[in-house]
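For reference, the structure is listed below as structure tokens.
The values are calculated or read from the model by the stated rules, or taken from the named source; none is laboratory data. The structure displayed is predicted, hence computed values, not measured ones. A quick note on method: Cβ atoms are made from the backbone with ideal geometry, for glycine too, and the neighbour counts reach across all protein chains shown.
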């Protein structure tokens with residue numbers, strides 16, 4: 001179980017998170033809590049032409065949520081808001097699927113979180129950054 | 001040492017569970033104690049009972065008798081009278097009951113309720129709401145670096161609500177001395193015994209407390225069970241809490257008269273099977289050699305402390321028994337607990353429903369190992385391997 005959950009890509013992004021920190025002039029930002037542990041995820045973005053031009057993730061979290069924020073940020077930078085909403089919905093659906101379901105190709109590197117499908121209590125760790133991003137974009 | 005550990009373990013079927021290919025090292029008794037076979041059988045047997053306290057037929061009579069017997073058994077564990085013992089769904093319900101009834105009747109504008117920084121949320125939030133509603137002040141007694149509570153009393157204090165044993169820092173509150181000081185100024189003391197009853201012999205008369213609450217599932221009983229013991233004269237003066245069947249002597253279209261305690265506080269059909277299971281758990285614990293178990297638990301607890309420190313962990317406070325909560329710098333508690341689970345070790349991670357004490361120690365969450373009568377040094381060795389695995393995977 002540990003091997004499925006903490007895949008090399010996940011561990012690498014936990015150790016070396018991309019887009020980590022804050023932006024000087026974000027157009028949108030939000031912070032969400034994980035009620036299970038009191039962790040927080042903050043996402044700041046600069047939106048231009050209906051796209052996320054810049055993104056930064058911060059907060060306090062576990063290896064899974066740090067890696068999820070990093071992989072999400074890489075994936076959504078430069079992407080249209082409509083596409084991000086579809087991606088977030090696909091990722092939320094993905095983490096609740098049976099463990100033997102195929103990993104949607106559209107998820108790209110985010111498919112590395114396949115292990116959380118067998119770890120119910122850890123799903124929120126993976127989805128928290130997306131929830132923060134959607135909350136930011138809703139403002 | 002550990003002469004009867006194997007025999008005690010045989011009483012707990014859940015210990016035979018294989019977890020991800022490993023033997024189970026269950027170090028999460030502070031969250032829920034495993035249930036011995038005697039409890040499981042008692043709960044199953046109660047499926048044949050009718051509705052207690054109402055019917056006159058054989059199955060109803062058997063249920064009424066079972067509840068009566070259970071009340072006597074549980075009251076005896078606390079050294080209290082059976083009529084002063086109210087069955088609830090757990091510690092949370094017991095404390096809410098006191099806040100909503102005794103609290104509303106006795107705490108007014110300008111009064112003070114004291115809880116502490118180490119309280120479980122269930123012994124904090126009811127007092128927050130009560131004080132907000134009544135215009136009273138809630139003060140949180142400070143906790144020192146070792147995890148001991150320092151309660152300062154003033155003459156406006158009406159109630160001190162305190163954990164007998166902390167579920168995070170594992171310290172024992174000096175309840176008897178606190179009660180003496182509180183009573184000297186006319187204040188009452190509520191003791192949250194959730195973490196105490198499985199480890200300490202509790203005598204409400206010797207403690208001289210006013211309210212004592214605990215949950216069945218922390219004592220190897222079923223979830224959804226618990227008790228409130230209260231001083232008889234306080235219960236007698238308290239208005240009912242929830243209203244419904246079984247707690248009235250007379251009802252007409254616009255009013256009702258209520259039964260004497262404890263029935264007044266037990267509206268609705270009770271959790272008969274749970275209460276029967278709780279009594280079985282009390283008998284199980286009562287019949288253990290408690291001095292022997294305490295010595296074994298202390299040895300496991302000391303080994304946990306050493307193991308956590310050897311692994312680089314920082315322990316919250318200086319725990320006296322039962323629990324060891326720690327921070328392993330650089331690693332998040334959820335990752336630690338998930339990887340430990342992969343090695344068959346059950347740990348708790350998070351804030352353990354006690355956020356203020358984590359903030360007090362400067363961490364957002366912690367990892368907690370806790371001991372019970374079935375814990376052994378093999379569990380601790382397995383934890384050591386699991387913590388090494390955490391560094392291997394995430395280091």
> Could you say which residue among A:115, A:59 is within 14 Å of chain B (Cβ to nearest Cβ), closer than 16 Å to residue A:13 by Cα, over 12 Å from the mean Cα position of the chain (by Cα) and outside any helix (DSSP H, G or I)?
Replying inline: A:59
> Looking only at residues in the stretch B:3-27 that are surrounded by 15 or more Cβ atoms within 10 Å (Cβ to Cβ) and under 17 Å from residue B:294 (Cα atoms), which one is nearest to the other protein chains (Cβ to nearest Cβ)?
Replying inline: B:27
>> Please go through the stretch B:361-393 and give me each residue that is within 14 Å of chain A (Cβ to nearest Cβ), on the phi < 0 side of the Ramachandran plot and either surrounded by fewer than 22 Cβ atoms within 10 Å (Cβ to Cβ) or without any contact (Cβ under 8 Å) to a residue 24 or more places away in the chain (or both), ordered by number.
In response: B:361, B:363, B:364, B:385, B:388, B:389, B:391, B:392, B:393
>> Quick check on the stretch B:322-345: of everything there that is surrounded by 22 or more Cβ atoms within 10 Å (Cβ to Cβ) and more than 11 Å from chain A (Cβ to nearest Cβ), which residue is farthest from residue B:26 (Cα to Cα)?
In response: B:327
>> For the stretch A:4-15, check the following and say yes or no: at least one residue is touching a residue at least 40 places away in the same chain (Cβ under 8 Å), away from chain B (no Cβ under 13 Å) and not in a strand (DSSP E or B).
In response: yes
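Quick grid of which residues meet (1) on the phi > 0 side of the Ramachandran plot; (2) at pLDDT 95 or above; (3) assigned by TED's automatic domain parsing to the domain that holds residue B:369:
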position	(1), (2), (3)
B:274	no, yes, no
B:281	no, yes, no
B:295	no, yes, yes
B:305	no, yes, yes
B:312	yes, yes, yes
B:315	no, yes, yes
B:319	no, yes, yes
B:328	no, yes, yes
B:341	no, yes, yes
> (1) in contact with a helix residue (DSSP H, G or I) (Cβ under 7 Å, 6 or more places away or on another chain); (2) on the phi > 0 side of the Ramachandran plot; (3) modelled with pLDDT of 95 or more: which one isn't true of residue A:78, the others all being true?
Replying inline: (1)
>> Only one of A:90, A:69, A:82 is touching a strand residue (DSSP E or B) at 6+ places or on another chain (Cβ under 6 Å) and part of a helix (DSSP H, G or I). Can you tell me which?
In response: A:69
>> Looking at the structure I just gave you, is residue A:126 part of a helix (DSSP H, G or I), in contact with a strand residue (DSSP E or B) (Cβ under 7 Å, 6 or more places away or on another chain), touching a residue at least 12 places away in the same chain (Cβ under 8 Å) and surrounded by 22 or more Cβ atoms within 10 Å (Cβ to Cβ)?
In response: no
> Tell me, which residue of the stretch B:1-17 that is in contact (Cβ under 8 Å) with a residue 40 or more places away in the chain and not in a helix (DSSP H, G or I) is farthest from residue B:353 (Cα to Cα)?
Replying inline: B:3
>> Restricting to the stretch A:21-35, and then to whatever is out of contact with any strand residue (DSSP E or B) (no Cβ under 6 Å at 6 or more places or on another chain) and surrounded by fewer than 18 Cβ atoms within 10 Å (Cβ to Cβ), can you tell me which residue is farthest from residue B:345 (Cα to Cα)?
In response: A:25
>> If residue B:240 satisfies all but one of (1) in contact (Cβ under 8 Å) with a residue 60 or more places away in the chain; (2) in contact with a strand residue (DSSP E or B) (Cβ under 8 Å, 6 or more places away or on another chain); (3) not in a loop (DSSP other than H, G, I, E, B), what's the number of the condition it fails?
In response: (3)
> Looking at (1) more than 10 Å from every other protein chain (Cβ to nearest Cβ); (2) under 19 Å from residue B:332 (Cα atoms); (3) surrounded by 15 or more Cβ atoms within 10 Å (Cβ to Cβ); (4) over 12 Å from the mean Cα position of the chain (by Cα), can you tell me which one residue A:69 breaks?
Replying inline: (4)
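Consider the stretch B:154-180. How many of its residues are surrounded by fewer than 17 Cβ atoms within 10 Å (Cβ to Cβ) and out of contact with any strand residue (DSSP E or B) (no Cβ under 7 Å at 6 or more places or on another chain)? Even if it seems obvious, please write down each step before you answer.
To start, the set of residues in the stretch B:154-180 that are surrounded by fewer than 17 Cβ atoms within 10 Å (Cβ to Cβ) comprises B:154-156, B:174, B:176-177, B:180.
Checking which are out of contact with any strand residue (DSSP E or B) (no Cβ under 7 Å at 6 or more places or on another chain) leaves us with B:155, B:174, B:176-177, B:180.
Looking only at that region, the number is 5.
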> Could we say that residue A:37 is touching a residue at least 24 places away in the same chain (Cβ under 8 Å) and part of a helix (DSSP H, G or I) here?
Replying inline: no
> Looking at this structure, is residue A:53 more than 14 Å from chain B (Cβ to nearest Cβ), surrounded by fewer than 16 Cβ atoms within 10 Å (Cβ to Cβ), assigned to a loop (DSSP other than H, G, I, E, B) and out of contact with any helix residue (DSSP H, G or I) (no Cβ under 6 Å at 6 or more places or on another chain)?
Replying inline: no
> Which one of the conditions (1) touching a helix residue (DSSP H, G or I) at 6+ places or on another chain (Cβ under 9 Å); (2) within 14 Å of another protein chain (Cβ to nearest Cβ); (3) surrounded by 15 or more Cβ atoms within 10 Å (Cβ to Cβ) does residue A:99 fail to meet, given that it meets all the rest?
Replying inline: (3)
> Do we have any residue at all in the stretch A:73-96 that's surrounded by fewer than 23 Cβ atoms within 10 Å (Cβ to Cβ), within 14 Å of chain B (Cβ to nearest Cβ) and farther than 30 Å from residue B:353 by Cα?
Replying inline: no
> Before we move on, is residue B:33 touching a helix residue (DSSP H, G or I) at 6+ places or on another chain (Cβ under 9 Å) and touching a residue at least 40 places away in the same chain (Cβ under 8 Å)?
Replying inline: yes
